[in-house]
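Participant: One structure coming up, written as structure tokens, with questions to follow.
The values are calculated or read from the model by the stated rules, or taken from the named source; none is laboratory data. It should be emphasised that the depicted structure is a prediction, and the values quoted were computed from it without experimental measurement. Glycine also receives a Cβ, built like all others from the backbone with ideal geometry; neighbour counts cover every protein chain displayed.
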Amino acid sequence: MSVVPNRRIAAQNVVVEYPIYNATSRSLKQTVLRAAAGGSIRGDDRGHVVVRALDNASFEIFDGDRVGVVGHNGAGKTTLLRVLAGVYEPVSGLVEINGRVSALLDLSSGMDNEATGHENIFLRGILMGLTPGQVATRVDEIAEFSGLGDYLAMPMRTYSSGMLMRLAFSVSTCIEPDILLMDEWLSVGDAEFIDKAERRLDALINKASVLVLASHSEDLVHRVCNKVLRMDHGRATLRSIEDTK
């Protein structure tokens with residue numbers, strides 16, 4: 001594995017809250033309690049219901065770490081990944097990231113159904129932080145990997161769901177990040193595409209200095225990761241994988 005020195009993620013007392021409008025604190029609390037999941041529920045000083053999705057989360061992740069993020073539905077796993085990806089801004093606390101981040105969360109985010117496949121390569125690439133020139137140097141490789149051929153000249157609304165995922169995966173994995181964020185292990189496209197997609201995914205993981213993988217599969221986490229970040233109602237506890245066996 002090629003590891004770039006000094007890659008690191010540090011979170012200190014990170015808080016993320018969502019205001020919920022048109023709901024009373026009592027009724028929302030009852031709903032969440034019935035579901036037995038989710039962050040803590042409270043009211044703010046204006047009477048709005050607030051869900052605290054991350055509650056003073058603190059941890060450090062270093063070069064070479066493969067961290068599995070686990071916890072029940074609503075525990076804060078996806079919210080945490082989105083904070084690390086820069087999608088969500090904490091209301092308080094600090095996140096420091098040293099290294100280029102690639103987030104395999106919502107692969108089709110930023111893509112336009114009315115635009116062609118070629119146009120969507122640029123849309124998605126720019127959303128990932130690439131310049132138009134950087135995307136242009138990757139277009140041929142992305143097109144070849146996707147296997148979509150002449151369909152790339154057609155609007156994406158004409159694609160099947162498998163074709164859409166082929167394109168989204170091909171663009172999303174066209175860079176080699178220092179820090180790779182994943183929300184569940186990806187299995188995309190049809191059977192013909194899955195094998196080469198998994199080979200590319202394995203190569204990305206091996207080359208990344210840091211992997212943060214949210215998953216409901218503890219077997220997968222124990223197979224791939226050396227640390228476990230357990231989320232529980234927005235709180236985070238980071239341990240060695242050996243301490244969780």
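Participant: Could you tell me whether any residue of segment 92-103 is under 16 Å from L127 (Cα atoms), buried (at least 19 other Cβ atoms within 10 Å of the Cβ) and among the aliphatic types (A, V, I, L, M)?
Facilitator: Initial filter on segment 92-103 (under 16 Å from L127 (Cα atoms)): 100-103.
Now drop any that are not buried (at least 19 other Cβ atoms within 10 Å of the Cβ), which leaves 101-103.
From the residues that got through so far, the ones that are among the aliphatic types (A, V, I, L, M) too are 101, 103.
Yes: one or more hits.
Participant: Next question, about the same structure. Where residues in segment 1-20 are within 16 Å of R100 (Cβ to Cβ) and at pLDDT 70 or above, which of them is farthest from the chain's Cα centre (by Cα)?
Facilitator: Ranking the candidates gives N6 first.
Participant: From R42, R82, R66, which residue is within 20 Å of the chain's Cα centre (by Cα) and at pLDDT below 95?
Facilitator: The conditions single out R82.
Participant: Of everything in segment 119-145, what is closer than 20 Å to G86 by Cα and buried (at least 20 other Cβ atoms within 10 Å of the Cβ)? Give them in sequence order.
Facilitator: Hits for segment 119-145 are R124, G125.
Participant: Of S146, S172, which residue is closer than 13 Å to M111 by Cα and polar (S, T, N, Q)?
Facilitator: Values: S146 fails: closer than 13 Å to M111 by Cα.
None of the others qualify; the one that does is S172.
Participant: Among the residues of segment 60-91 satisfying the criterion of being hydrophobic (A, V, I, L, M, F, W, C) and assigned to a strand (DSSP E or B), which is surrounded by the most Cβ atoms within 10 Å (Cβ to Cβ)?
Facilitator: Among them, the one singled out is V69.
Participant: For L148, indicate whether it is buried (at least 20 other Cβ atoms within 10 Å of the Cβ), modelled with pLDDT of 95 or more and over 23 Å from V69 (Cα atoms).
Facilitator: Spelling it out, L148 is indeed buried (at least 20 other Cβ atoms within 10 Å of the Cβ), modelled with pLDDT of 95 or more and over 23 Å from V69 (Cα atoms).
This table checks each residue for (1) over 18 Å from the mean Cα position of the chain (by Cα); (2) over 19 Å from I175 (Cα atoms); (3) in the same structural domain as S172 (by TED's automatic domain parsing).
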residue	(1), (2), (3)
L186	no, no, yes
E192	yes, yes, yes
L204	no, no, yes
E218	no, yes, no
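Participant: Could I ask something else about it? When you scan segment 125-135, do you find a residue that is among the small types (G, A, S) and either in contact (Cβ under 8 Å) with a residue 60 or more places away in the chain or touching a Leu at 6+ places or on another chain (Cβ under 9 Å) (or both), even just one?
Facilitator: No, that holds for no residue.
Participant: May I pose another question? Does segment 106-115 hold any residues that are polar (S, T, N, Q), surrounded by fewer than 16 Cβ atoms within 10 Å (Cβ to Cβ) and in contact (Cβ under 8 Å) with a residue 24 or more places away in the chain, and which are they?
Facilitator: The one that is polar (S, T, N, Q), surrounded by fewer than 16 Cβ atoms within 10 Å (Cβ to Cβ) and in contact (Cβ under 8 Å) with a residue 24 or more places away in the chain: N113.
Participant: Tell me, which strands (runs of 3 or more DSSP E) wholly within segment 192-245 include 1 or more residues that are among the acidic types (D, E) and either at pLDDT below 90 or surrounded by fewer than 19 Cβ atoms within 10 Å (Cβ to Cβ) (or both)?
Facilitator: In segment 192-245, the matching strands (runs of 3 or more DSSP E) lie at 227-232.
Participant: Oh, and also: For M111, indicate whether it is assigned by TED's automatic domain parsing to the domain that holds L181, of a type in the set (A, V, I, L, M) and touching a Leu at 6+ places or on another chain (Cβ under 7 Å).
Facilitator: In short, yes.
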